[in-house]
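Student: Provided herewith is a single structure, encoded as structure tokens, for subsequent inquiry.
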Amino acid sequence: MALTGELFIGRRRAATAQRFQAFDPAHGEALMPTFSAAGAAELEAACALADAAFDSYRSLPPQRRAEFLEAIAGQILAQGEDLLKRAHLETALPLARLTGERARTVGQLRLFAEELRAGEWLGLRVDPALPQRPTAPRPDIRLREIPVGPVAVFGASNFPLAFSVAGGDSAAALAAGCPIVVKGHPAHPGTSEYVARAIVAAATETGMPDGVFSLLNGPDTALGAALVTDARIRAVAFTGSRAGGLALMKVAAERPEPIPVYAEMSSINPVVLLPAALAGRGASLAREFVASLTLGVGQFCTNPGLVLALEGEGLRSFIEAAGTALEAVSPAVMLTEGIQRNYVRGIERMSAAGGELVAQGGAGAHTCARAALFSVEAASLAHRPMLAEETFGPASLIVRCRTLAELRGTLERLEGQLTATLQMDAADQPLAQELLATLERKAGRVIVNSWPTGVEVCHAMVHGGPFPATADGRSTSVGTLAIERFLRPVCYQGFADALLPPELRADQLPRWPHRFDGEYRVGRAE
Ligand code: NAP
């Protein structure tokens, strides 16, 4: 079905006079149609609808919200090849990658539906009344988690499906019971429109209140800032640049009533090559590293942007093998011209700061990235911290450490990270054990013997980490735990059963997992 370029204000479509276009980064050509840019009126309407929908949406039984999420998954698949072809045009990501990303998107919606039915997220606790307690009587005290309110979701450029309109942030917020107002990424408005259609169709199919979802587009930052400023928005989810995340955090903090911003921003994902692993399988580690570094033209937040190892023959061979593998990497088109420009600047910054160029991949035209590998002594890095700033794309820095103390010191000086990886063999166990405490402090996910790219969507995943990896290292944006960002606990004291929320009433409580007087009780699934 042809794209219309309209905005989605709840169930209503809207067109405005201010228009913008998407670009095909592979050919530098503007793509039809033109898209409406949202102004103050559309923003007001979307926020008012989301606010009005909040109480009825959050009061639906979890089962109903689960059906909504499953219907979104079905409707995304029903968009068929049109969705994938448009995403390919707008992002230059290969169709095979986009097909996989669509499967992940659909899979995470279905996983959140299962999570809703399982009910652990409700966080139910009951401390029954103790009227005869000798010290002082205790009233009946019960707790459940409730959704925070309408959430502003910013679509990410590098995941047009899995972290955009119906991506992980949207799935988590909708599962929690929060209406969402999505600020689509301006690089892929056509992809956003197809997915928005799927959400609206699913909302109609499952009888969701009008306003549970809106999509606003716009080609400049004013729209996003205005959205975060709106008093009816209660939380923000964002994936993108450090500058963008920090700007939105500032806007949110300066509101009369500040709100949390869950921003996933910047990470270089250190990989430590421990001596036995390096000696035993350095050549294969080098090939695996280059494959991880250049996957998706390096446009992953989990890209291995820093490698650390002790100086020696093992490291010299690793650097040589990685350089050879990198030189064979073909240039590839990046997501947008802006991202490619930032990448070129990042490479220049690394050179200017004293990064020694080990190797470069093939050079290409236009919006292509040329993979690049640098190396530096740990002692130099200590004086040039800008070398350890994220260069978004297929660039990485190998840090040569003369001593273990230098390696430890380099890790200690790093900012917060999404991941930290150890490549190790059995003989490296004592050293790994020693480094673990530092890595836990620095990163949200510590990995042994695989590579950081590739994030499993599951119950135990953490895609988060201390600043600047994220704005709030106590949370994750991938996996079912991501729902917690959009919930807050409420305590009900002295309530008669009939007045309690349904999940806490005597007849429903046994169905859900809960703590009763401190003791864990498993729910009796329907
Ligand atoms: P971005 O510039 O941060 O933009 C992401 C979204 O945030 C867009 O919708 C953008 O709106 C909005 N935004 C940005 N700055 C804002 C501000 N000051 N106020 C209000 N809204 C704002 O990210 P991008 O376009 O995806 O890529 C640019 C750079 O971000 C890349 O070169 C890379 O360095 C980094 N990036 C990092 C990751 C990661 O996972 N670490 C992922 C993607 C990108 P407008 O575009 O309409 O202004």
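Student: For a test of the definition: using alpha carbon positions, the gyration tensor, and the 1.5 limit on a/c, classify the chain as rounded, prolate or oblate.
Tutor: Details: a/c = 2.16, a/b = 1.31, b/c = 1.64.
Oblate.
Student: On the accessible surface of the chain, probed at 1.4 Å, how many percent belong to carbon and sulfur atoms?
Tutor: On the way: 11720 of 20780 Å².
Its accessible area is 56 percent carbon and sulfur atoms.
Student: For a test of the definition: using alpha carbon positions, the gyration tensor, and the 1.5 limit on a/c, classify region 328-450 as rounded, prolate or oblate. Could you put the intermediate results ahead of the total?
Tutor: Working: a/c = 2.09, a/b = 1.77, b/c = 1.18.
Cα axes put region 328-450 in the prolate bin.
Student: At q = 0.11, 0.12, 0.13, 0.15 Å⁻¹, what log₁₀ I(q)/I(0) does a Debye calculation on the Cα points of region 1-81 give, no solvent, two decimals?
Tutor: Calculated log10 I(q)/I(0) at the listed q: -0.47, -0.56, -0.64, -0.81.
Student: Starting from the Cα of E337, step 7 Å toward the Cβ, then list every residue of region 143-160 with an amide N under 20 Å from that point.
Tutor: Under 20 Å, as judged by backbone N against the label point of E337, lie 157-158 of region 143-160.
Student: Let me ask something additional. Please state the charge dipole magnitude for the chain, taken about the Cα centre, from unit charges on C-beta atoms (+1 on K and R, -1 on D and E), reported in debye and rounded to the nearest 20.
Tutor: Numbers: 49 positive and 55 negative charges, 104 e Å.
Charge dipole of the chain: 500 debye, to the nearest 20.
Student: Size of the dipole of region 270-448 about the Cα centre, Lys and Arg at +1 and Asp and Glu at -1 on the beta carbon, nothing else charged, in debye to 20?
Tutor: On the way: 15 positive and 18 negative charges, 53 e Å.
That gives a dipole near 260 debye.
Student: Additional query: Would any residue of region 41-67 have its amide N under 17 Å from a label point 7 Å out along Cα→Cβ of R117? List them or say none.
Tutor: Inside the label zone: 61-67.
Student: Oh, and also: Cβ under 10 Å from L310's Cβ, L310 left aside: what net charge do those residues give with Lys, Arg +1 and Asp, Glu -1?
Tutor: Details: positive: R400, R402; negative: E311, E406.
It works out to a net charge of 0.
Student: Right, here's the next one. Quick check on region 232-336: take the gyration tensor over C-alpha atoms, sort the square-rooted eigenvalues as a ≥ b ≥ c, and tell me if it's rounded (a/c under 1.5), prolate or oblate.
Tutor: Details: a/c = 4.39, a/b = 2.36, b/c = 1.86.
Note, shape of region 232-336 comes out prolate.
Student: Mind checking the full-extension length gain between E412 and D220? Use 0.36 nm per residue of separation minus the Cα-Cα distance, one decimal, nm. Mind dumping the intermediate values first?
Tutor: Values: separation 192, 0.36 × 192 = 69.12 nm, distance 3.75 nm.
Residue separation times 0.36 nm, minus the Cα-Cα distance, leaves 65.4 nm.
Student: Run the helix sum for the chain: -39,500 (n - 2.57) per DSSP H stretch of 4+ residues, divided by residue count, reported at 222 nm to the nearest 500 deg cm²/dmol. Let's see the in-between values first.
Tutor: Details: 14 runs with 200 residues, N = 526.
The per-residue figure over the chain is -12500 deg cm²/dmol.
Student: Cα atoms only, region 51-93: Rg and Dmax in Å?
Tutor: Calculated on Cα positions, Rg and Dmax stand at 15.4, 41 Å.
Student: Now for a separate question. Net charge near A437: determine it from the other residues with C-beta under 15 Å of the C-beta of A437, scoring Lys and Arg +1 and Asp and Glu -1. Before the final figure, lay out the partial values.
Tutor: On the way: positive: R408, R441, K442; negative: E412, E434, E440.
Surrounding charge for A437 is 0.
Student: State the antiparallel share, in %, of DSSP beta bridges confined to the chain, rounding to the nearest 5. Numbers along the way, then the final one.
Tutor: On the way: 30 of 70 bridges.
Roughly 45 percent of the beta bridges in the chain run antiparallel, per DSSP.
Student: Please give the contour-minus-distance gain from V448 to Y520: 0.36 nm per residue of separation, less the Cα-Cα distance, rounded to one decimal in nm.
Tutor: Working: separation 72, 0.36 × 72 = 25.92 nm, distance 3.24 nm.
Roughly 22.7 nm would be gained on extension.
The values are calculated or read from the model by the stated rules, or taken from the named source; none is laboratory data. The shown structure was predicted, so the numbers you read here are calculated from the model rather than taken from an experiment. Note that we place each Cβ from the backbone using ideal geometry, even for glycine, and neighbour counts take in every protein chain shown. Ligands, DNA and RNA are stripped out before the accessible areas are found, and what is left, the full protein with its side chains, is counted by its heavy atoms. Shrake-Rupley method; radii C 1.70, N 1.55, O 1.52, S 1.80 Å.
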